[in-house]
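K.L.:
Here's a structure for you.
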Amino acid sequence: MASHSESIIREPLITGKDITYAKITNDILAPVERMPGRAWWIGFTVASLGACLWVFAVSWTFWYGIGEWGLNKTVGWAWDITGFVWWVGIGHAGTLISAILLLFRQNWRNSINRSAEAMTIFAVICAATYVVSHMGRPWLAYWPLPLPNQFGSIWVNFNSPLVWDVFAISTYFSVSLVFWYTGLLPDLASIRDRATGLRRKIYSFCSFGWTGSVKTWQRFETVCLILAGISTPLVLSVHTIVSMDFATSLEPGWHTTIFPPYFVAGAIFSGFAMVQTLLLVTRKVLGLENYITMFHIEAMNKIILLTGSIVGVAYLTEFFIAYYSGSEYEQYTFLNRFIGPYWWAGCMMYGCNVLMTQLMWFKKIRTSIPIAWVLSIVVNIGMWFERFVIIVTSLHRDFLPSSWAMFYPTWVDMSVFIGSIGLFFTMFLLFIRVFPSIAIAEVKLILKSSSEQAKKKILDHGGLDPEQVQFYKESLVTFDSVEIADYEKI
Amino acid sequence: MDSNKKYWKGLEELNKTPEFVEKNKHEFAEPIPIEDVLTGGGLAGTTPRRDFLKALGFGVGAVTLAACQKVPVHKSIPYLIKPEEVTPGVANYYVSTYEGSAILVKTREGRPIKIEGNPNDILAKGGLSGQAQASVLDLYDSNRLKNPMRDGSDYGWGQTDGFIKSELAAIKAGGKKIRIVSSTITSPSTLAVIADFITAFPNSKHISYDAVSYTGIIQANQNSFNKAVLPHYNFDKADVIVSFGADFLGTWISPTEFIRQYVQNRNNKSLQAKKMSRHIQFETGMSITGSNADVRILIKPSEEGIALVNLYNALSGTTLPGSKKLANNPNADKAIAIVAKELTAAKGKALVVAGSNDVATQVLVNAINSLLGSYGTTIDLDNPSHQYSGNDAELVEFTKEMSRGEVDAVFFLNANPVYDYYNSKDITEGLKKVRLKVSFADHMDETASACNIVAPNSYYLESWGDDNAIEGYYTIIQPAINPVYDTRQAEHSLMIWGNNPGKDYYTYIRNNWDKNLLAKGGLSGQKGWETLLQTGFVKATPVTSGTYTFGHDLNAVAQTILDHSNLLAADAGKVELQLYQTVAMRDGKRANNPWLQEMPDPVSKVTWDNFAAMSPSDMKKWGYADGDVIKIDANGYTISLPVLVQPGQTQGTISVAVGYGRTLSGPVGDNVGQNAYPFHSLRNGTFQTSAVATITATGNNSPLSQTQTHHSIEGRNSIIKEATFTEYLKNPSTGSGNESGHKDYNENNLFWQEYDHPQYNWVMAIDLNACTGCGACVVACSAENNVPVVGKAEVGRRREMHWIRIDRYYSFNDDGNGGVTRERELSKLEDLDNVRVVYQPMLCQHCDHAPCETVCPVLATVHSSEGLNHMAYNRCVGTRYCANNCPYKVRRFNWFNYWNDSRFENYLQNDHTLLVLNPDVVTRFRGVMEKCSMCIQRIQAGKLKAKIEKRAVKDGDIKVACQQTCPANAIVFGNANDPNSEVSKALKSERTYYVLEELNTQPGVGYQVKVRNISETEA
């Protein structure tokens, strides 16, 4: 990622004038180094109230039993596993951004990978809480681990997708955490260097004695690359295995070979939507518009459009296969999504995920921050409903009509879910206070090559294809962090 | 020899240095800094390194030692003197009697824990109803009275006896009347005790009445044949059965016996002999009997009499005065013509029964049966049933006597007229004028609380007694446990109060049997008595059943019927109300039994409630939805009940069950539903079960808790398979999918290994044509396997815990196009009256390729080498994936800790009720999955018994609980490895199919196709 000159037709990844390395550090570390503002406190209060609700609702469940949820003899999973898959899906964007985009040398990832990875970790934590709390006897949650034990020669069932899931989630969580923390090291060192007193002590502990020597940097880059290599298959494997929680069953609506790619696409889809939801607010509140630019927003919207369309194709395939299979149970399940008692959930799923994301074909919509933000929320809602439809609408009317039943959530179901969102935001809000929300070191890497001022220098230098210059200028129109007036005279 | 040798430990000691002497004064040479630690410096004081190590050493040692302590052992106290017959861990069985049927009481360590049918019982041959199965729980009902009561406070037996004796002496002197009011008593010894009491107090009289009365039949037989008896019916001898509202498979007279008889002409054996009876049911509400009928014709209560008149006309070729066509029911008219033809063809093998309690109607039925030559074949008047002998008029007369102030003493024995008499105000008002009111109730029930003295009767499992349900069949009741509370048998009380010279009731019974009854079975003396206590009954040779011919004029009868029918015909805007009993609750005496409250009604699948059943078109017409509460007003009495759409309910009628709405039955039964008894009316000297009612919406909705809420099969014919009898005769494989040879879904063994079942392969066969859906298996399973009761709210949340359930599906006819079973098509159907019902017992299928087994992360559910699907509760962590992946949805999750959660304490948690638990089956903790284990404890017991006897397990050694109680013998269990076992033979039947066979789950439970005796063109 050397500081060679980049083609003018590429949009800048860092905007603003007079951006120096020092300014980058100052800008990004500002939220970490100053006292939190009112907006943060309000957000944190609301989020931590949500987290408290989560603690309360989960404790309630542990105390009285899973019966406090709305599940029944027919619908054994509902909001719990819906929430679990939803969170795991959201947790997908982080690793995709940090690993796959790193391997593909997508420099624009440098500005968003930190937050996305943090989000991943918090989302996986939320998902993992569901894994434990949905169990009938959560105090035995360690039993699905293949631990040597004194219960006799009891082992786990390696045939069970739930065991694969335990491996998948725990591997994913630990690798993501290591990757994220490794990336944090140089930035933590920056904070350490600027801090005093106790803060300095803490950050120097956290930065593992980072010296900034060439050798350190070299090793750092190598480790990152190796970790990216390790993470890359995980991006695909985790949700593949999560999808097998369903696909290996014989439940109509679950028993589908398309599930692995369909779930992975869906996960990336929802993950990017959540990144979008978070970063569109964060960049504004923390004043990071220069680092997370319209280019980033649009790029992510393009990924949302792509993955959303893949998901749409998967939906169509499912319907076709249901028809083509000739299996009456399969056919009924898919028909039931539209004409059954949960038709509204089906409409939310297909409407939000397929129809709404197709709006992203329009550049105007892709580059409109308010619309992009609303759409990202719509996608999150749609993806929640997708899991709800897959789980509840399939289960509630499967083979034997005598056992068909409805699922009605209780206040505990809702509180655990709302609470998990609170927990997520609590962790995210704490994260942006204590860690740099943008990878400082990595952004600095591209300042010389891909920033607006670097391009400006090239422009000023002249000698470029005017057509390309024109293209570049037009592309900047959509940027909210660029003063177009500066380019008028060129 | 003394030794003066001194040993010294060091030079210091030898030399007795001053330091040594000083130090040696203390136990420890160097002071231990305890003082320092506890006072002054405390923990802040400096601790020398050595002290630290000492403390550490001590700490580690102490903790290690403490950890070596075993988990405290709670020792169970062994018998100081072991009772001869009790071996801990081994069950004892005692013969006894439940409502006239010989039973076996299973006891463990002296506690009755299960009621099982006596295989030699002549009524049900080992089958038992749900009520009988549930009766064991009432023994441990902690709400039973624990001692005698006087005016609501405890009273000793001595005081009670003294008080009553002095009162009775005074009353005898006063000369006013003494009345003993009871429901039908079938015990010869009890009747003898009462007779002795009446001898002692000549102004007393025994009044017998039944909450659900059969006086009409008894009176009709008196009128027709001069025999005031309830006949004994032989459904097994009938080729054509026509029932007018008689729910003989559910609640009518002796349903368990009738199921056995009925199924004999419809089960696999009968079908293989190319024989199947035909059953036509005319009825108002959908009863379990109607749901099993081949043809079911809907009639209103007001049409029933006219239909019978028309049938009589068609059979006899005469026209009774007042005969008329059923103007609004052409279907019934048409059917009657066909039915008459079929009945005539089956003369001598035909049976017509009617559920009505109206004398005129029953006289007409007698006339019809006489025409058909049923007497002596399908109806036996010479060996009559004693099961119901109540006389409605006598009870009515009793209320009048009370109100006239003529009664000074009344004894209520197994009777609760304040609850179940139609005009209970007459009773309560009348009782105020009675000087001595004694109830023998074992609960402070509605009537007992209106009495001065309650002298609680012992429960039948604590009592000596006898029974005589059918002429010539005498059964014995022997106690299986000492009285749990300070109760005393009513007979004993009556003997004391009547100064009976007999020593106690046991001696009394023995004398009675020695003198009168043992001889009937060819027994005598002590040896005979001991034999009786092992066999349970004696059976006298039955009298040859005579033929009877009806020879009375029917004009007056027809006129009465017509008058009634006019009276019952509802005007526009009103509905005809029909009262019925549910299979679970019957007359409501066992309302406090949670197993029965939670047993789903066979047809409606409603638990914990009664309701107003209404036809789908009426629901639409009135604009009601399920659970809408309506006010029902009839015969000057009003209750509010939720409505439920009931396919097959006659339009313009509603049906309401009696037996609900108890107010003083105990915490379980109180205020469950509403009391419908007051809707009865007295007409023509008997209680009538129909009325004209006004219904109005209240605007409230009170959801009913049903265990099944989707009622059609959605065209999924791999779940339910049916054929008609004509099709069956052509090809016995019809409908089973075996027509063109059996398809092997496991042909290539692609992904699945076959399991080895080296010795046993436990499987089950269920004959859908035998199963009547009565639900006895559900209760038997709960009793055997400690299945928790969860209550109305939880059932409403679809969380009942039953390991076996009976799925009930409706299908609707659409002119011979195979039946409409899909929800979407149903909504387009105009006529939802023509409904057919099929029942399917559903339990764990013990699949060889079990979907639940592969998905469990912790191997909590695994396959056994005997073909069973095991569930290891201890290993289960509760992910519920197994339940999701079970295509049969038979797995049940413990959502709560039902055995130790105060919210469920009404049911089975108190110390007494816990005694009913089967010690061979653990109760399950919350968060654990459970399901049918094929009664693995019984399999194990059977195998052990065979091992002790050094032999192989024989077919029939092991019977699972559901199989054992099934009066229809619809369930066969056994070893598939044995080609000669019953189950292997049953599964070889051409009718056998497996539910959802195409999923290749390789279920261990085979079903046999439901066959209906209908011609293909028939409606």
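K.L.:
Given a Förster distance of 56 angstrom, what is the FRET efficiency for A:R38 paired with A:K215, based on the Cβ-Cβ distance and rounded to 0.05?
P.N.:
0.80
K.L.:
Order of A:F167, B:F248, B:F197 from fewest to most other C-beta atoms within 10 Å?
P.N.:
Numbers: A:F167 16, B:F248 26, B:F197 23.
Starting with the residue having the fewest Cβ neighbours, the order is A:F167, B:F197, B:F248.
K.L.:
Expected output is a single nm value to one decimal: the length gained when fully extending between B:D486 and B:T698, i.e. 0.36 nm times separation in residues minus the C-alpha distance. What is it? Kindly include the intermediate steps, with their values, before the conclusion.
P.N.:
Numbers: separation 212, 0.36 × 212 = 76.32 nm, distance 4.65 nm.
Full-extension gain reported as 71.7 nm.
K.L.:
OK, next. Using a 10 Å cut-off around each Cβ of peptide B:848-855, what is the average number of partner chain Cβ atoms that fall inside?
P.N.:
Average per residue, whole number: 3.
K.L.:
For B:E739 and B:K334, FRET efficiency with R0 = 25 Å and r from the beta-carbon atoms, rounded to 0.05?
P.N.:
For R0 = 25 Å, the calculated efficiency reads 0.15.
K.L.:
Please turn the phi angles of the stretch B:85-102 into ³J(HN,Hα) values with the Karplus equation 6.51 cos²θ - 1.76 cosθ + 1.60 (θ = phi - 60°), one per residue in order, whole Hz, x for glycine and proline.
P.N.:
For the stretch B:85-102, the Karplus-derived couplings read 8, 9, 10, x, x, 10, 7, 10, 10, 10, 6, 7, 9, 10, 6, x, 9, 5 Hz, x marking Gly and Pro.
K.L.:
Within 10 Å of each Cβ of A:136-143, how many other protein chain Cβ atoms are there on average?
P.N.:
5
K.L.:
Moving on. Which residue, chosen from B:N369, B:N328, B:N265, occupies the Cα position most advanced towards the positive end of the dipole of the stretch B:216-385, where the dipole is computed from +1 (Lys, Arg) and -1 (Asp, Glu) charges on Cβ about the Cα centre?
P.N.:
The residue sitting most towards the positive pole is B:N265.
K.L.:
Ok, one more. Given the Cα atoms of the stretch B:403-445, and with Rh set as the inverse mean 1/r over their pairs in the Kirkwood sense, what is Rg to Rh to two decimals? Working shown, then result.
P.N.:
Working: Rg = 10.3 Å, Rh = 10.8 Å.
That ratio is 0.95, to two decimals.
K.L.:
Still on this structure, please answer the following. Rounded to two decimals, what is the ratio between the C-alpha radius of gyration of the stretch B:216-385 and 2.2 N^0.38 Å? Don't jump to the answer; show the numbers that get you there.
P.N.:
Values: Rg = 14.9 Å, N = 170, 2.2 N^0.38 = 15.5 Å.
Normalised by 2.2 N^0.38 Å, the Cα Rg of the stretch B:216-385 equals 0.96.
K.L.:
Can you run phi through the Karplus equation (6.51, -1.76, 1.60; θ = phi - 60°) for the stretch B:266-281 and list ³J(HN,Hα) in whole Hz, with x for Gly and Pro?
P.N.:
Computed from phi, the couplings for the stretch B:266-281 are 9, 7, 4, 4, 5, 5, 5, 8, 6, 10, 8, 6, 10, 10, 10, 10 Hz.
K.L.:
Of B:L168, B:S129, B:N118, whose Cα points farthest to the positive end of the dipole of the stretch B:99-169 (charges on the beta-carbon: +1 Lys, Arg; -1 Asp, Glu; origin at the Cα centre)?
P.N.:
B:N118
K.L.:
Next up: Counting only other residues whose beta carbon sits under 13 Å from that of B:K520, what net charge do I get with K and R as +1, D and E as -1?
P.N.:
Value of the local net charge: -1.
K.L.:
Now for a separate question. Taking the number of other C-beta atoms within 10 Å as the exposure measure, put B:D141, B:D467 in order starting with the fewest.
P.N.:
Sorted ascending by nearby Cβ count, the order is B:D141, B:D467.
K.L.:
Determine which residues of the stretch B:433-450 fall in the zone a paramagnetic label at B:S166 would reach in this model, i.e. backbone nitrogen under 17 Å from the point 7 Å along Cα→Cβ.
P.N.:
The answer is B:435-437.
K.L.:
Further question: Taking the Cβ of A:M414 as the center, what net charge do the other residues with Cβ under 14 Å away carry, scoring Lys and Arg +1 and Asp and Glu -1?
P.N.:
That sum, taken over residues with Cβ under 14 Å, equals -3.
K.L.:
Filter B:K334/B:K574; B:K23/B:K54; B:K237/B:K325; B:K237/B:K269; B:K425/B:K605; A:K284/A:K444 down to the pairs with a C-alpha to C-alpha distance above 22 Å, please.
P.N.:
Values: B:K334/B:K574 26 Å; B:K23/B:K54 20 Å; B:K237/B:K325 32 Å; B:K237/B:K269 15 Å; B:K425/B:K605 33 Å; A:K284/A:K444 20 Å.
B:K334/B:K574; B:K237/B:K325; B:K425/B:K605, as the Cα separations exceed 22 Å there.
K.L.:
Moving on to the next point. Using only helices, what value at 222 nm comes out for the protein assembly as shown when you add -39,500 (n - 2.57) per DSSP H run of length 4 or more and divide by the total residues, to the nearest 500 deg cm²/dmol?
P.N.:
Theoretical 222 nm ellipticity from helices: -12500 deg cm²/dmol.
K.L.:
Considering amide H positions built from the backbone, and no H for Pro or chain starts, which residues 5 or more places from B:R179, or on another chain, come under 5 Å of its amide H?
P.N.:
So B:R179 has HN proximity to B:K205, B:A409, B:V410, B:F411.
K.L.:
Also, quick follow-up: In terms of modelled amide H atoms, which long-range or inter-chain residues lie less than 5 Å from the amide H of B:H279?
P.N.:
When sequence neighbours closer than 5 places are left aside, the close amide H contacts are B:I241, B:D294, B:V295.
K.L.:
Among B:A584, B:N610, B:P642, which residue has its Cα furthest toward the positive end of the charge dipole of the stretch B:569-683, with +1 on Lys/Arg Cβ and -1 on Asp/Glu Cβ?
P.N.:
Checking the options against the dipole of the stretch B:569-683, the answer is B:A584.
K.L.:
Provide the net charge surrounding A:S160, with neighbours chosen by a C-beta distance below 11 Å and charges set as Lys +1, Arg +1, Asp -1, Glu -1.
P.N.:
That sum, taken over residues with Cβ under 11 Å, equals -3.
K.L.:
Taking every DSSP beta bridge that has both residues in chain B, what percent is antiparallel when rounded to the nearest 5?
P.N.:
60
K.L.:
Provide the FRET efficiency to the nearest 0.05 for the B:D563-B:L914 pair, computing r from the beta carbons and using R0 = 51 Å.
P.N.:
0.35
K.L.:
Quickly rank A:356-366, A:192-202, A:131-141 as a protection proxy: mean count of other C-beta atoms within 10 Å, highest first.
P.N.:
A:131-141, A:356-366, A:192-202
K.L.:
Another question about this same structure. Starting from the Cα gyration tensor of the protein assembly as shown, multiply each eigenvalue by 5, take the square root, and state the resulting semi-axes largest first in whole Å.
P.N.:
After diagonalising the Cα gyration tensor, the semi-axes are 73, 45, 30 Å.
K.L.:
Let me ask something else. Quickly work out the B:K274-to-B:A393 label distance, labels modelled 7 Å from Cα along the C-beta direction, and quote it in nm with one decimal.
P.N.:
Label-label distance for B:A393 and B:K274, simple model: 5.2 nm.
K.L.:
Can you list the lysines whose alpha carbon is less than 17 Å from that of B:K25, not counting same-chain residues fewer than 8 positions off?
P.N.:
B:K9, B:K16
K.L.:
Could I ask something else about it? Let's see if you can work this out: charge +1 on each Lys and Arg Cβ, -1 on each Asp and Glu Cβ, no other charges. What is the dipole magnitude of the stretch A:21-487 about its Cα centre, in debye to the nearest 20?
P.N.:
On the way: 31 positive and 28 negative charges, 285 e Å.
Roughly 1360 debye, rounded to the nearest 20.
K.L.:
Now for a separate question. Using alpha carbon centroids, what distance separates the stretch B:761-808 and the stretch B:195-240, in Å?
P.N.:
Taking the Cα centre of each part, the stretch B:761-808 and the stretch B:195-240 sit 35 Å apart.
K.L.:
Separate question: Mind checking which aspartates and glutamates have their Cα closer than 18 Å to the Cα of B:K347? Skip sequence neighbours fewer than 8 apart in that chain.
P.N.:
B:K347 reaches B:D236, B:D239, B:D380.
K.L.:
With charges only on Cβ, +1 for K and R and -1 for D and E, what is the dipole size of chain B about its Cα centre, in debye, rounded to 20? Please list the in-between numbers first.
P.N.:
Numbers: 102 positive and 109 negative charges, 227 e Å.
In total the dipole reaches around 1080 debye.
K.L.:
Apply the a/c threshold of 1.5 to the C-alpha gyration tensor of the stretch A:395-451 and tell me whether it is rounded, prolate or oblate.
P.N.:
Cα axes put the stretch A:395-451 in the oblate bin.
K.L.:
Check B:T861: other-chain or 5+ apart residues with amide H under 5 Å from its amide H, H built from backbone geometry?
P.N.:
B:A872
K.L.:
Cysteines without a disulfide-compatible partner in chain B, using Cβ under 4.7 Å as the rule?
P.N.:
B:C68, B:C451, B:C771, B:C774, B:C781, B:C847, B:C856, B:C876, B:C886, B:C935, B:C966 - these cysteines have no disulfide-compatible partner (Cβ-Cβ under 4.7 Å) in chain B.
K.L.:
Another one. With +1 assigned to the C-beta of every Lys and Arg and -1 to the C-beta of every Asp and Glu, and no other charges, what is the dipole magnitude of the protein assembly as shown about the Cα centre in debye, to the nearest 20?
P.N.:
2500
K.L.:
Moving on to the next point. When we measure straight from the Cα of B:K172, which lysines land under 21 angstrom away, once same-chain ones fewer than 8 places off are left out?
P.N.:
Within the straight-line limit of under 21 Å, B:K172 reaches these lysines: B:K205, B:K400, B:K432, B:K433, B:K437.
K.L.:
A further question follows. Can you pull the mean other chain C-beta count within 10 Å for peptide B:794-801?
P.N.:
Per-residue shielding by partner chains comes out at 4.
Just so you know, all these numbers are worked out from the coordinates, no wet-lab data involved. All figures in this text were calculated on a predicted structure; none of them were measured in a lab. Methodologically, a virtual Cβ is constructed for each residue, glycine included, from the backbone with ideal geometry; neighbour enumeration extends over all protein chains shown.
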